[in-house]
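Reviewing the structure listed below.
None of the figures in this text is laboratory data; all of them are computed from the coordinates on show. Values in this document were obtained by computation on a predicted structure and should not be read as measured data. Reconstructed Cβ throughout: ideal geometry from the backbone, glycine too, with neighbour counts over all protein chains shown.
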Amino acid sequence: MIAVRHAVLCVALVAVAAVAPVSRGSGAGPTPAVPVAADADPAPARQRELLELLKQDCGSCHGMRLTGGLGPALTPEALRTKPAESLAATIVYGRTGTAMPPWRRFVSEAEAHWLVARMLNGATDATSP
């Protein structure tokens, strides 16, 4: 079961990094880092779980430093042109026609937004939520 979870998560985040920017009406430029309101933050224990999931499960394909490996990098530089809303939606709902499955059974929409904000800000160390 653990091996299946790892494989599915790796495939999921490969697709997250490959998401094309979505038009935002007036041609907005690169997406800035998105702060998450304190009341929307997961509990501290859940934050550690999410960051551990990001480092261990995602890191198995994207490199332990998320700088790339079998999957593309999940660094602020690699993600900066991708809209945060699109990245979070990809995590939660997956990508039809690709290997990216929906993760809504494991990660809530708010948690996906929190993870995206962390990745965009480069704050992915499990000791610094």
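Side notes on the structure shown:
- Pairwise FRET efficiency - GLN56 versus GLU85, Cβ, R0 = 25 Å, nearest 0.05: 0.45
- Translational diffusion of the stretch 60-117, estimated by Stokes-Einstein from the Kirkwood radius over alpha carbon pairs at 4 °C in a medium of 1.567 mPa s, is 108 µm² per second.
- Stretch gain in nm, segment ARG104-GLU49, where the contour uses 0.36 nm per residue and the Cα spacing is subtracted: 18.2 nm
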